[in-house]
Amino acid sequence: MRVKICGITNLQDALDAVNAGASALGFVFYKPSPRYINPIEALKIVENLPPFVQTVALFVNETTEFINEICQKTKMQLAQIIDDENIVDFSKLNIKYLKVLRVKNKESLENLKDEYYLIDAFVEEFGGAGKRVALEWFNDMDCYKYILAGGLSCENLKELKGYGFFGVDVSSAVEKEKGKKDKQKMIDFVKVAHEIA
C-alpha cells in the first residue's frame, strides 16, 4: 500500500519521510493551514529530494491559473485538489491531478467515475482534523483506486486490511506538533501500512 505523508514544511522532515518509506510527500499551499509552506521554501525541498519520490501540491478552492503557476514554480508532480466551490477548470490544468472527495455519507461514494480519488471525511476546516471516514461505507466496494485520508494512525490502520485501498494519506498522526513531523511515528506508520497491503 502506498503512503503519502502530507504537510511537509522542512527538508529534514521530507528526508525522514522518504527514509521511512513514504511513496509521496504533500505540500500544503493553503495559507490558513498551520502546515502551509510558501512556494520558495517548497522548491528548496523538492530540489533536494532523492529520485522516485512523488511530490504533491495540495490546494483548497483555488483557481486553475493559481494551481498551474504554483506547480510550475515548485516543480510539483501532482496537484491534489479540494474544489468544493467548483472553481477549477480541470481541462486547463498543466499538471496531473487528484480530486479530493470530502464525504459526509455513503451516498457520496456512489456513481463515481472510474478514476483515482483521495477520500477524506468532511469537516468544516480543511485538513489535519483527525476525523475518520466510516469504513463500513466501503463494504462491498472496489477500493483499488481510492486513497484514504483522515484520522488514520498506527493504531487503526490495521482495520483497513482487506479493503484493497490504493493508498493512505497521513499528516497529524505522524507529527510531534503541527507542521513538524516525528521521525519514529512516520517509520511506524509506513511499516504498518506495508504490512496490511
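All of the numbers you see were taken from the coordinates with simple rules; none came from a lab. All figures in this text were calculated on a predicted structure; none of them were measured in a lab. Every residue, glycine among them, receives a Cβ derived from its backbone with ideal geometry; neighbour counts consider all protein chains shown.
Computed values, structure above
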{"item": "Nearby lysines by direct alpha-carbon distance to LYS106 (threshold 20 angstrom, same-chain neighbours under 8 apart not counted)", "result": "LYS131, LYS145, LYS161"}
{"item": "Filtered GluC sites (Glu not before Pro), segment 11-82: DSSP coil and at most 16 other beta carbons within 10 Å", "result": "GLU47"}
{"item": "Column: log10 I(q)/I(0), Debye, Cα scatterers of segment 2-196, q = 0.14, 0.18 Å⁻¹", "result": "-0.76, -1.30"}
{"item": "Under DSSP loop assignment and at most 10 Cβ neighbours within 10 Å, longest chymotrypsin sites (Phe, Trp or Tyr not before Pro)-free interval of the chain", "result": "53-143"}
{"item": "Across LYS104/LYS158; LYS113/LYS176; LYS31/LYS158; LYS92/LYS158, pairs whose alpha-carbon gap is larger than 31 Å", "result": "LYS113/LYS176; LYS31/LYS158; LYS92/LYS158"}
{"item": "Part-to-part distance (alpha-carbon centres) for segment 81-151 and segment 1-64, which is given in Å", "result": "19 Å"}
{"item": "Sum of side-chain charges, LEU11 neighbourhood, beta-carbon under 10 Å (Lys, Arg +1; Asp, Glu -1)", "result": "-3"}
{"item": "Footprinting exposure proxy for ASP16, ASP84 (fewest neighbouring C-beta atoms within 10 Å first)", "result": "ASP84, ASP16"}
{"item": "Environment charge at ASP140 (Cβ cut-off 14 Å; Lys +1, Arg +1, Asp -1, Glu -1)", "result": "-2"}
{"item": "Square roots of five times the Cα gyration tensor eigenvalues for segment 64-127, Å", "result": "23, 13, 10"}
{"item": "Sparse-neighbour loop sites [trypsin sites (Lys or Arg not before Pro); segment 35-81; at most 15 other C-beta within 10 Å; DSSP]", "result": "LYS75"}
{"item": "Over the chain: helical MRE at 222 nm, DSSP H runs n ≥ 4 each giving -39500 (n - 2.57), nearest 500", "result": "-6500 deg cm²/dmol"}
{"item": "Radius of gyration, Dmax [segment 1-61; alpha carbons; angstrom]", "result": "10.9, 32"}
{"item": "Antiparallel bridge percentage (DSSP; both residues within the chain; nearest 5)", "result": "5 percent"}
